[in-house]
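Encoded as structure tokens, the structure appears first; notes follow it.
The values are calculated or read from the model by the stated rules, or taken from the named source; none is laboratory data. Everything quoted here is computed from the prediction, not taken from an experiment. So basically every Cβ, Gly included, is an ideal-geometry build from the backbone, and we count neighbours across all protein chains shown. Protein only, heavy atoms only, side chains kept; ligands, DNA and RNA dropped before computing areas. Shrake-Rupley method; radii C 1.70, N 1.55, O 1.52, S 1.80 Å.
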Amino acid sequence: MTAQRRLLRFAFILLLVLVAVALLGPFLVARDPMRIDLAARFLAPLQAGHLLGCDQLGRDVAARLLAGLRWSLGIAAGATLIAFLLGTAIGLLAARSRALFGTALRQVTIFTQSFPVFVLAVSIVAVIGKSGFATLVLTLGLVTWPVFARVVQAEASSLFTREYVLAAEMMQMGGARLLLRHVLPALVPSLSVLLVFHFADMIIAESALSFLGIGAPLGAATWGGMLNESRAHMLTAPWMLLAPAACLVLLVVGAHALGQRLREATA
Amino acid sequence: MSLLSVEQLSVAYGRTTALRAASLQLAAGEILAVVGESGSGKSSLARAVAGLVKPHSGRITLDGSDLALRPRVERRAIQMVFQDPDASLNPRHTVRFILDEPLQILAYGPAAARAERIETLLRLVQLEPALLDRRPIALSGGQKQRVAIARALAMQPRVLLADEALSALDMSTQSTLLDLFASLRRETGIAILFISHDLAAVRRLADRVCVLYRGRVVEQGDCAQVLAAPQHPYTKLLVAATIDPARALQDPAFLARLADGVSVEEETMQ
Amino acid sequence: MTAPILELQSLCIDVVAGPTAQRIVHDVVLTVARGEILGLVGESGSGKTLSAFAVAGLLSERLAVSAGEILFEGRARSFVSEEEMRALRGGRIGFVFQDPLSSFNPVRTIGSMLVESVVRHQRLGKRAARAVAIAGLAEMRLPGSDACFGAYPHQLSGGQRQRAMLALALVNRPSLLIADEPTTALDPTIQLQILALLRRQSEGRGSILITHDLGVAGAVCDRIAVMQKGRVVEIGPCSAILGDPQHAYTQRLLQARSHA
């Protein structure tokens with residue numbers, strides 16, 4: 001039990017460190033992640049000032065890792081925020097108008113649950129044909145909002161039949177006040193847990209997309225892209241694989257640990 | 001003229017009709033009890049009068065004007081106390097906040113005036129001011145119901161709906177809350193629609209009683225009169241069951257009919 | 001005077017889970033005569049249900065009869081094997097529980113449960129058992145007994161379920177019926193109907209009605225035993241207990257009930 005707790009704490013601190021590193025990134029590593037230096041191809045770690053070595057084009061792995069971290073966190077944060085705002089708003093509306101809209105939303109969430117979200121995102125990005133930060137954020141956000149909508153609809157529906165909410169309605173208090181004072185505070189525990197887990201899911205989704213070469217501009221530093229490029233040189237230059245893989249695992253585990261702690265704290 | 005008038009009110013959920021053309025009148029300062037078993041339409045009546053469900057047909061008038069045609073704020077004149085004390089109060093708020101919120105909504109006045117009003121409300125429901133900073137979890141069931149009553153009174157209603165407000169409480173707490181309802185009527189002149197399945201409580205509190213059975217009003221009248229000489233078979237059975245079951249079972253003919261489960265409809269047909 | 005159906009002689013029940021046994025029912029002395037309904041009245045934790053469970057051999061593994069004797073139809077419990085006890089339960093001893101929905105098997109029809117019980121205890125063929133089962137339902141005045149035969153527990157109303165429960169308890173004509181809070185979950189008018197049925201079915205057998213409500217006990221019982229903290233604090237004819245209670249606890253129970 002205590003060992004598990006220590007592990008969770010470690011993962012949580014790690015997540016904080018990673019976020020801090022992402023924010024301070026440009027000040028920590030001055031190298032340009034895009035700069036090609038054919039003389040430094042496959043340079044092993046700790047040589048010529050390259051902390052984590054270089055890749056097949058002589059680009060600095062540490063600098064690319066940092067750029068990829070910023071990219072990942074940015075996409076995940078943006079997509080989570082969009083899914084959260086959209087899903088919460090739609091879930092609340094559906095809970096309020098139980099009859100038609102509520103049923104429609106349930107159908108939508110069932111559809112998105114049975115349909116692989118990832119495939120949907122891939123096809124949307126492919127169809128749009130434009131790569132870039134905004135496209136990815138919007139696509140992932142617009143595809144995954146039903147996760148939030150479903151939870152909010154379920155919890156808010158039961159909340160709207162709660163006697164204290166009925167009493168508030170009988171006072172004819174304004175909708176905004178009802179929402180802010182009585183409905184949203186009751187949703188905070190489950191929403192905060194969901195936010196963190198969704199954030200982790202978005203990091204994985206983004207890495208998977210960039211692994212397939214979708215979404216990020218050509219040559220941009222992404223963890224998925226780095227993993228993909230490393231495959232051919234797995235045996236000769238293992239640092240190209242290990243660095244992004246380890247970071248991805250740590251980031252996702254850290255986020256899950258945070259979610260777990262929140263869930264325990266609110267239970 | 002009566003203060004609250006329910007005319008031919010029907011409530012339906014999908015295909016099931018919970019309340020069929022029920023009519024009743026509540027005069028100012030009166031306590032009218034609505035009795036019936038579970039599924040009789042009591043709660044549907046309460047919720048329709050409270051404006052929480054939309055009636056299928058019929059009207060609810062307050063001072064002669066149809067509530068459905070008036071601005072919604074006029075419904076503030078009707079407030080409700082619910083059955084479940086644990087769900088009636090927002091667990092996140094203190095008693096002070098719970099009582100202050102309706103006063104803010106009414107724009108009752110500056111903080112000092114509201115604090116004074118909260119003290120008055122506490123006195124009305126016989127609660128100690130020391131409870132003001134507690135949250136519902138730190139209150140007993142009876143105290144929670146008193147706070148819920150105070151919150152309802154804060155809106156300065158003319159009609160108080162009590163929907164099985166006592167049935168989740170233990171016997172001695174029920175008794176003191178019955179006294180509280182009686183004293184509230186005396187002190188504030190509020191009219192109370194007291195919904196209950198407990199005839200013993202009804203007999204002690206109400207002026208008039210209205211009996212619901214399968215969504216219909218089957219009997220209505222002066223409380224003492226109805227309980228002393230019930231007319232409808234269901235009311236007879238209810239009076240026998242709650243007031244003196246031992247005597248009912250000593251009558252061999254009644255015992256036989258009960259044991260055979262002769263339903264009230266069958267008797268009504270005869 | 002004929003011998004009582006059931007006799008509890010200084011019955012004691014212990015919790016035997018921990019290192020030291022803890023007594024929770026102390027020296028309960030009771031008799032139930034043929035044709036009589038005995039009310040066991042008390043609040044939760046008073047030992048009323050445990051005493052009755054001990055009679056039917058339904059105590060959980062953590063509990064044990066540690067002293068005293070249970071005489072059922074003149075035979076001492078100590079000499080009844082577990083196998084014989086199983087035959088007694090549902091056969092010579094019928095049991096009715098508070099919540100029929102959770103004590104019925106939800107995926108079986110009322111009829112199939114009745115038939116199984118008749119086949120096991122009366123050693124009849126399927127067809128004969130079916131006739132007995134339908135007659136049993138009719139005797140409990142279940143409206144449309146044929147329809148109830150094929151119905152699942154959740155398809156019946158609360159009152160009907162309790163009638164079906166009684167049918168199941170009485171179908172093998174037991175000499176002792178134990179009803180544990182049989183009307184607590186019901187509306188007052190339905191409650192009265194079930195009590196009337198219980199009264200009528202009490203002829204020719206002994207009955208125990210377990211309830212927390214002195215009013216319910218007073219309505220149908222011949223004698224009442226009031227239990228508190230594992231002891232019988234007062235026992236006597238119904239009229240004496242209700243009209244002139246001696247023990248302070250009984251007086252308190254009565255007062256709580258007649259608040260109106």
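Any residue in the stretch B:184-195 that is in contact with a helix residue (DSSP H, G or I) (Cβ under 8 Å, 6 or more places away or on another chain), closer than 22 Å to B:GLU37 by Cβ and within 14 Å of chain C (Cβ to nearest Cβ)?
yes
Look through B:THR94, B:THR173 and report the one residue that is more than 14 Å from chain C (Cβ to nearest Cβ) and among the hydroxyl-bearing types (Ser, Thr, Tyr).
Checking each option against the conditions leaves just B:THR94.
Which of (1) in a strand (DSSP E or B); (2) under 21 Å from the mean Cα position of the chain (by Cα) does C:SER60 not meet, given it meets every other one?
(1)
Could you check the stretch C:207-260 and list, in sequence order, the residues that are within 14 Å of chain B (Cβ to nearest Cβ), of a type in the set (A, V, I, L, M, F, W, C) and over 17 Å from the mean Cα position of the chain (by Cα)?
Those that are within 14 Å of chain B (Cβ to nearest Cβ), of a type in the set (A, V, I, L, M, F, W, C) and over 17 Å from the mean Cα position of the chain (by Cα): C:CYS238, C:ALA240, C:ILE241, C:LEU242, C:LEU253, C:LEU254, C:ALA256, C:ALA260.
Determine if the stretch C:145-161 includes at least one residue that is buried (at least 21 other Cβ atoms within 10 Å of the Cβ), in contact with a Pro (Cβ under 6 Å, 6 or more places away or on another chain) and closer than 18 Å to B:ALA259 by Cβ.
Among the residues of the stretch C:145-161, at least one is buried (at least 21 other Cβ atoms within 10 Å of the Cβ), in contact with a Pro (Cβ under 6 Å, 6 or more places away or on another chain) and closer than 18 Å to B:ALA259 by Cβ, which makes the answer yes.
Cβ contacts < 6 Å: first residue facing another protein chain (nearest Cβ under 9 Å), restricted to the stretch B:232-260; second residue among the hydroxyl-bearing types (Ser, Thr, Tyr), any location; separation 6+ or different chain. Result?
Pairs that qualify, where the first residue is facing another protein chain (nearest Cβ under 9 Å) and the partner is among the hydroxyl-bearing types (Ser, Thr, Tyr), are B:TYR234/B:TYR213; B:LEU237/C:THR189; B:LEU238/C:THR189; B:ALA241/C:THR189.
Only one of these is touching a Pro at 6+ places or on another chain (Cβ under 6 Å) and of a type in the set (Lys, Arg): A:ARG106, A:ARG64, A:ARG96. Name it.
Just one listed residue meets the conditions, A:ARG64.
Take the conditions under 16 Å from the mean Cα position of the chain (by Cα) and in contact (Cβ under 8 Å) with a residue 12 or more places away in the chain and apply them to C:ASP14. Does it pass?
Against the criterion (under 16 Å from the mean Cα position of the chain (by Cα) and in contact (Cβ under 8 Å) with a residue 12 or more places away in the chain), C:ASP14 does not qualify.
Please specify each residue of the stretch C:98-126 satisfying the condition of being more than 15 Å from C:LEU142 (Cβ to Cβ) and buried (at least 18 other Cβ atoms within 10 Å of the Cβ).
C:GLN98, C:VAL115, C:SER117, C:VAL118, C:HIS121
Where in the stretch C:102-167 are there helices (runs of 4 or more DSSP H), lying wholly inside it, with at least 3 residues that are within 14 Å of another protein chain (Cβ to nearest Cβ)?
C:126-139
Filter the stretch B:95-127 for residues that are under 19 Å from A:LEU180 (Cβ atoms) and loosely packed, with under 13 Cβ neighbours inside 10 Å and give the result.
Selection gives B:ALA107 alone.
Can you report the number of residues in the stretch C:168-204 which are under 15 Å from the mean Cα position of the chain (by Cα), part of a loop (DSSP other than H, G, I, E, B) and facing chain B (nearest Cβ under 9 Å)?
Here the count works out to 1.
Going by the conditions given, is A:ARG31 more than 25 Å from A:HIS198 (Cα to Cα) and open to solvent by 70 Å² or more (accessible area, probe 1.4 Å)?
Against the criterion (more than 25 Å from A:HIS198 (Cα to Cα) and open to solvent by 70 Å² or more (accessible area, probe 1.4 Å)), A:ARG31 qualifies.
Somewhere in the stretch A:205-225, is a residue open to solvent by less than 40 Å² (accessible area, probe 1.4 Å), touching a Cys at 6+ places or on another chain (Cβ under 9 Å) and either under 19 Å from A:GLY254 (Cα atoms) or without any contact (Cβ under 8 Å) to a residue 12 or more places away in the chain (or both)?
yes
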